[in-house]
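To start, the structure itself, in structure tokens.
The values are calculated or read from the model by the stated rules, or taken from the named source; none is laboratory data. Source: prediction; values computed, not measured. When we count neighbours, we look across all protein chains shown, and the Cβ atoms used for this are built from the backbone with ideal geometry, even at glycine. To get the accessible areas, we keep the full protein, side chains included, count just its heavy atoms, and leave off ligands, DNA and RNA. Shrake-Rupley method; radii C 1.70, N 1.55, O 1.52, S 1.80 Å.
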Amino acid sequence: ENTRAKGFKYYELAGFSISPDNKILAIAEDYVGRRQYKISFIDIATGEQLQEEIKNTSGFFAWAQDSKTIYYSTVEKQSLRSNKVFKHVIHSPNEKDMLIFEEKNKLFNAIIISPNWKKSLFIVSVSSSTTKYYEMASDGSATTPVLFMKTEKGHEYKVLPHDNGYYILSNYNAENRQILFSKKRPESIADCQVLIPHDSSIHIENVSILKNTLIIQQRKKGLDEVKLLDLNTLQISYVPFKEETFYVKIFELDKFESNYFYFSYNSMTTPRSTYKYNIETGEQSLIFRYKILDENFEPENYISKRVWFKANDGTEVPATILYKKSTLLKKAPCLLTGYGAYGLTLIDEFDSPLLSMLDRGFVYVNAHVRGERYLGESWYQDGKFLKKKNTFTDFINIAEQLGQKGYCDPERLYIQGSSAGGLLMANVINTAPHLFKGVIADVPFVDVLTTMMDERIPLTVEEFEEWGNPKDVEYYHYILSYSPYDNIRRIDYPHLMITTG
């Protein structure tokens, strides 16, 4: 990335992929900051860049198995919605690229993905609440994708092809998701067999697949678990972890027949680490761990714990608290962070720059307010649309009680959030400015009402499914009641640091 970025003011690597014959590297990059990615090609043997490129893409693309065909999606130049999928043949002019799919519904974005089992490619078209999969052959011949199953509004799912059939992660009649199976492409989700049933206390976040094993990432009452399902015996086992709060991510699986997989693990006190896990023996092998420059760093010198706070309506709201053992909590300044939108959960992970603050006596807190999926789908639904204010009041209640519970000096409470989390920051300082000493608002979304009424702005239309459409009178007045720009008052605001995009 450093080499590719040299000489440019801005650089972002969206992704890269090697052709199946290991001869060509395809790279999607943005040199402007507009999320319009250019795909370039490098000859791996010589290191030379080919004299062809594909512009204005979403950054999502997939190789066909013939190693000369690549499928990619493009974005609308004004809205940045990913709406078209093309077929490109290496060494042929872009003018000959074939349009094979167009998503005309403005609520949806369409991308191309390649599962680790190479028989099929999928075009996935998603809105904030509905998924559509289209399947096509992966040999490079495909020009007409086929709808995987009947589309139903509100049905979100993921398809994992296998030589047995299809495994499907679905929210059909299962808000926290269930895992289904079908030997052939189903007419509808109702035709599938339930493999892992819905559990109201467990939210299935993601699923990966090997020839003999289904790898399930889930949250049980907010805490991460990795569950393994033997596809031959249907026996279940778990990957053991020692800490209560941590973050684990399964790496992309590239060898379908493997009896092992790699995962990234870290917690708020353990630096990011890569492990290899042997499914047959249960052995975990540490492959790599990020080195902390401070040679005196010891995880045992820091404490992370989960604490519950009571919201106005009686709901118990969790937060993860991190501090150094030697800290005098009642006299300590505190940095409280929050987000609370799109069902995205703040990750309890290691962040090395925090060490400087912790060593100087700060307490750090992740607030898992409603609007996340920390406690499942209902936790998300209770923080969106006409329940959005729960996000704000949860955060304020945690801020009020941190000092009461003795975790910090209430006179030195700082808060931070970005984008939708910046909306959270701006709302709570309008509502309860006296609680906060200072605020960091990173690219804050603060003009909510005006923004959501302008359909020319990127993301607006598709985000009607998150905030509501203000052209509906009920949503207009509700958004108006919390939109920060529309609720500025003549009060003493806390110190502010605001960053832009």
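Taking 19 Å as the limit for the C-alpha separation, the pairs Lys158/Lys242; Lys158/Lys183; Lys87/Lys211; Lys255/Lys291; Lys38/Lys84 exceed it in the case of Lys158/Lys242; Lys87/Lys211; Lys255/Lys291.
Can you compute the label reach from Phe288? Point 7 Å from Cα along the Cβ direction, backbone N cut-off under 19 Å, restricted to segment 245-274. Output list for this probe position: 247-255, 260-267, 270-274.
What FRET efficiency comes out for the pair Met98/Ile236, r = Cβ-Cβ distance, R0 = 35 Å, nearest 0.05?
Working: r = 45 Å, r/R0 = 1.28.
Efficiency computed from Cβ-Cβ geometry: 0.20.
By the scheme Lys and Arg +1, Asp and Glu -1, what is the net charge of all other residues having a beta-carbon under 13 Å from that of Arg272?
Its environment carries a net charge of 0.
Here the chain is assigned +1 on the Cβ of each Lys and Arg and -1 on the Cβ of each Asp and Glu. Its dipole about the Cα centre then comes out at about 380 debye.
Dipole orientation for the chain: of the candidates Phe263, Tyr247, Ser170, Tyr247 has the Cα lying most toward the positive pole (charges on Cβ; Lys, Arg +1; Asp, Glu -1).
Model label sites at Met497 and Lys330, defined 7 Å from Cα along the beta-carbon direction, differ in position by 3.0 nm.
Excluding ligands, DNA and RNA, what is the solvent-accessible area per residue of segment 49-166 at a probe of 1.4 Å, expressed in Å²?
Working: 5160 Å² over 118 residues.
So segment 49-166 comes to 44 Å² accessible per residue, rounded to a whole number.
Grab the beta carbon distance between Glu280 and Ala190, set R0 = 45 Å, and tell me the FRET efficiency rounded to 0.05. Could you put the intermediate results ahead of the total?
Working: r = 36 Å, r/R0 = 0.80.
The calculated FRET efficiency here is 0.80.
With a ≥ b ≥ c taken as the square roots of the eigenvalues of the C-alpha gyration tensor of segment 256-415, please select rounded if a/c is under 1.5 and otherwise prolate if a/b is larger than b/c or oblate if it is not? Taking the square roots of the gyration eigenvalues as a ≥ b ≥ c, segment 256-415 is oblate. Set the Förster radius R0 to 35 Å, insert the Cβ-Cβ distance between Lys211 and Leu344 as r into 1/(1 + (r/R0)^6), and round the FRET efficiency to 0.05. For Lys211 and Leu344, the calculated efficiency is 0.65. Summing Cβ point charges (Lys, Arg +1; Asp, Glu -1) relative to the Cα centre of segment 36-81 gives a dipole of roughly 280 debye. For segment 1-84, trypsin sites (Lys or Arg not before Pro) are listed when DSSP marks them as loop and at most 11 other Cβ atoms sit within 10 Å of their Cβ; the list is Lys6, Lys9, Lys77. Only helices enter this figure: runs of n ≥ 4 DSSP H residues, each worth -39500 (n - 2.57), summed and divided by the residues of the chain, yield -3500 deg cm²/dmol at 222 nm to the nearest 500.
Kindly work out what percent of the DSSP beta bridges joining two residues of the chain are antiparallel, to the nearest 5.
On the way: 105 of 124 bridges.
Of all bridge pairs located within the chain, approximately 85 percent are antiparallel.
Under a Cβ-Cβ limit of 4.7 Å, which cysteines in the chain have nobody to pair with? Cysteines of the chain left without a disulfide-compatible partner: Cys192.
Surface composition of segment 83-199: carbon plus sulfur atoms hold 49% of the accessible area, using a 1.4 angstrom probe and ignoring ligands, DNA and RNA.
What net charge do the residues around Gly154 carry, taking every other residue with its C-beta under 12 Å from that of Gly154, with Lys and Arg at +1 and Asp and Glu at -1? Walk me through the intermediate numbers first.
Values: positive: Lys153; negative: Glu152, Glu156, Glu175, Glu377, Glu465.
Value of the local net charge: -4.
Taking a straight Cα-Cα cut-off under 20 Å and skipping sequence neighbours fewer than 8 places away in the same chain, the aspartates and glutamates within cross-link reach of Lys330 are Asp359, Glu400, Asp409, Glu411.
Computed with the Debye formula from one identical point scatterer per Cα of the chain, without solvent, the log10 of I(q)/I(0) at q = 0.07, 0.09, 0.13 Å⁻¹ comes to -0.43, -0.73, -1.51.
Surface exposure of segment 297-392, expressed per residue as accessible area with a 1.4 Å probe, stands at 40 Å². Need the C-alpha centroid separation for segment 422-441 versus segment 453-501, integer Å. Computed from Cα coordinates, the inter-centre distance equals 15 Å.
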